[in-house]
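S.K.: Pasting a structure below so you can have a look.
The values are calculated or read from the model by the stated rules, or taken from the named source; none is laboratory data. As the structure is a prediction and not an experimental result, all values here were calculated from the model. Methodologically, a virtual Cβ is constructed for each residue, glycine included, from the backbone with ideal geometry; neighbour enumeration extends over all protein chains shown. SASA here: full protein model, heavy atoms, side chains in, ligands and nucleic acids out. Shrake-Rupley method; radii C 1.70, N 1.55, O 1.52, S 1.80 Å.
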Amino acid sequence: MAASAIQLAGMGEIVVARGSGVIGCIGLGSCVGTVLFDPTKQMAALAHVMLPEASAVDANAMPGKYATTAVPALLRLLDTPPAHASRLKAILVGGGELFKNRSQALRIGERNVETLHRLLRELRISVVFEQTRGSLGRSFEFDVATGLIRVRVVGTPPVEHNLAAALGMLRKAA
Amino acid sequence: MMNPLSELRADALRELGNIGLGGAVTALSDLTGVLFTLEAPQVLPVEGTQLPQVWQLAPESPVVGTISRITGDWPGEGTFLFPWDSACVLWQLLVQMQPNGLADLNELYQSVINEVSNIMLGNYLRAISQMTGFTLNMEPPAFAADMAMAVLSSVVVEAMYGQREVLAIETAFKTPHHQFTGYFLYLPEVGNLEKLFQVLGI
């Protein structure tokens, strides 16, 4: 995973990779890095989701910012109509609550994760890898060519997972 | 996006940051017996993806911080952030010891940072209240220790909830006696800014 090849999605941004390339997010707190992967095209789109639902005024400003606008935007980028969305696989990282004992907590991380799960369930997209909730910040890099994901939390070495089988990429290995 | 603040109004917000944090660092100096001084405050719109530009910490470096919701006439979120080495300076000054990494961050160390935030924010709000006549209340600080970008983005998202734009009034404070930088960000609800400018007559 060469550093130069990584496309990072900043807050509210969306990045896409097809065939090869590494996509990821740095320093996810309550935000959720949401990857949709199409195994037939070996193509992935990633949104750095900040909030669960768009307010009416802001819905079109930055589709990646809200769960409710990010998921349809990812489908469009993958050229996948909702009726065919079940061929896609999802990866979710983030959605932590970093601040302890917050009075009147907004629980944004938790609500981001809940909203994304609901939207993906409605589209029959299965979540093949998830590291969400809890109290930790996270970074991750996902390699579209190999199906390897590397997740980092503060103060510990990165942990790598091979998602090739779960993502339906086994064809290549055969 | 956001209407650009006039220079006059941006100046007023910077001056408010100065006055508020002036009171706060005096309290910190009293608490620690070490002189702390302010850097010039910055007023920055946080638009969409953009975090305060001047905040130049490595995104995955460990920081310690607090967030407190402020209610009353000028509501918003107040947040203190300390890079790990700066937090260690505070712990050494106040309890004469420091944790051996994030895993060693027990209740005592957390309560030191919460108490510093509590005292500084209380003085910040008192100074602003004296200048404007505003009633301002704060909720107890909530604590986080994690990578810089994860903490800062969580603060921005909390402030962004329910509003389109976020404005950050950022002030850094230092001491000539130690390698230390602390950061204070006030993220006011932008919809309530008019009220402030009215009181200030601008």
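S.K.: For A:ALA165, state whether it is modelled with pLDDT of 95 or more and more than 16 Å from the chain's Cα centre (by Cα).
M.R.: Judged against the criteria, A:ALA165 is a match.
S.K.: Regarding the stretch B:148-171, can at least one residue be identified that is more than 21 Å from B:PHE197 (Cβ to Cβ), β-branched (Val, Ile, Thr) and away from every other protein chain (no Cβ under 14 Å)?
M.R.: Checked the stretch B:148-171: no residue is more than 21 Å from B:PHE197 (Cβ to Cβ), β-branched (Val, Ile, Thr) and away from every other protein chain (no Cβ under 14 Å).
S.K.: State whether one or more residues within the stretch A:24-32 are open to solvent by 20 Å² or more (accessible area, probe 1.4 Å) and touching a strand residue (DSSP E or B) at 6+ places or on another chain (Cβ under 6 Å).
M.R.: Yes, the stretch A:24-32 contains at least one residue that is open to solvent by 20 Å² or more (accessible area, probe 1.4 Å) and touching a strand residue (DSSP E or B) at 6+ places or on another chain (Cβ under 6 Å).
S.K.: Scanning for something aromatic (Phe, Trp, Tyr), in contact with a helix residue (DSSP H, G or I) (Cβ under 9 Å, 6 or more places away or on another chain) and closer than 30 Å to B:VAL199 by Cβ, does the stretch B:81-94 turn up at least one residue?
M.R.: For the stretch B:81-94, residues aromatic (Phe, Trp, Tyr), in contact with a helix residue (DSSP H, G or I) (Cβ under 9 Å, 6 or more places away or on another chain) and closer than 30 Å to B:VAL199 by Cβ: absent.
S.K.: So, one more: Taking the condition of being closer than 25 Å to B:PRO83 by Cβ and out of contact with any Lys or Arg (no Cβ under 7 Å at 6 or more places or on another chain), how many residues in the stretch B:158-193 meet it?
M.R.: 24
S.K.: OK, next. From the set of residues in the stretch A:105-136 that are in contact with a Ser or Thr (Cβ under 8 Å, 6 or more places away or on another chain) and in contact (Cβ under 8 Å) with a residue 60 or more places away in the chain, which is farthest from the other protein chains (Cβ to nearest Cβ)?
M.R.: The qualifying residue farthest from the other protein chains (Cβ to nearest Cβ) is A:ILE125.
S.K.: If only one of A:ARG102, A:ARG76 is away from chain B (no Cβ under 14 Å) and out of contact with any Phe, Trp or Tyr (no Cβ under 7 Å at 6 or more places or on another chain), which one is it?
M.R.: Criteria check complete, one pass: A:ARG76.
S.K.: A follow-up question, please. I'd like to know if the stretch A:9-22 contains one or more residues that are without any contact (Cβ under 8 Å) to a residue 40 or more places away in the chain and either open to solvent by less than 10 Å² (accessible area, probe 1.4 Å) or not in a helix (DSSP H, G or I) (or both).
M.R.: Yes, there is a match, as at least one residue in the stretch A:9-22 is without any contact (Cβ under 8 Å) to a residue 40 or more places away in the chain and either open to solvent by less than 10 Å² (accessible area, probe 1.4 Å) or not in a helix (DSSP H, G or I) (or both).
S.K.: Report, by residue number, each residue of the stretch B:60-83 that is more than 20 Å from B:LEU121 (Cα to Cα) and surrounded by 17 or more Cβ atoms within 10 Å (Cβ to Cβ).
M.R.: If the condition is that a residue be more than 20 Å from B:LEU121 (Cα to Cα) and surrounded by 17 or more Cβ atoms within 10 Å (Cβ to Cβ), then B:GLU60, B:PRO62 are the ones that fit.
S.K.: Can I ask one more? Within the stretch A:36-44, does at least one residue satisfy the condition of being within 11 Å of chain B (Cβ to nearest Cβ), part of a strand (DSSP E or B) and surrounded by 18 or more Cβ atoms within 10 Å (Cβ to Cβ)?
M.R.: No, the conditions are met nowhere in the stretch A:36-44.
S.K.: Which residue out of B:MET160, B:MET149, B:MET131, B:MET120 is among the aliphatic types (A, V, I, L, M) and modelled with pLDDT of 95 or more?
M.R.: Only one candidate qualifies: B:MET120.
S.K.: Among residues belonging to the stretch B:106-121 that are among the polar types (S, T, N, Q) and closer than 21 Å to B:GLU139 by Cβ, point out the one that is surrounded by the most Cβ atoms within 10 Å (Cβ to Cβ).
M.R.: Checked the stretch B:106-121; the qualifying residue surrounded by the most Cβ atoms within 10 Å (Cβ to Cβ) is B:SER117.
S.K.: Residues that are among the polar types (S, T, N, Q) and open to solvent by less than 50 Å² (accessible area, probe 1.4 Å): find the strands (runs of 3 or more DSSP E) completely inside the stretch A:63-174 holding 1 or more of those.
M.R.: Here the list reads A:126-132, A:138-143.
S.K.: For B:ALA103, indicate whether it is open to solvent by 10 Å² or more (accessible area, probe 1.4 Å), away from chain A (no Cβ under 13 Å), of a type in the set (A, V, I, L, M, F, W, C) and out of contact with any strand residue (DSSP E or B) (no Cβ under 9 Å at 6 or more places or on another chain).
M.R.: Against the criterion (open to solvent by 10 Å² or more (accessible area, probe 1.4 Å), away from chain A (no Cβ under 13 Å), of a type in the set (A, V, I, L, M, F, W, C) and out of contact with any strand residue (DSSP E or B) (no Cβ under 9 Å at 6 or more places or on another chain)), B:ALA103 does not qualify.
S.K.: How many residues are touching a residue at least 60 places away in the same chain (Cβ under 8 Å) and either more than 20 Å from A:GLU97 (Cα to Cα) or touching a Cys at 6+ places or on another chain (Cβ under 7 Å) (or both) when one looks only at the stretch B:53-83?
M.R.: 9
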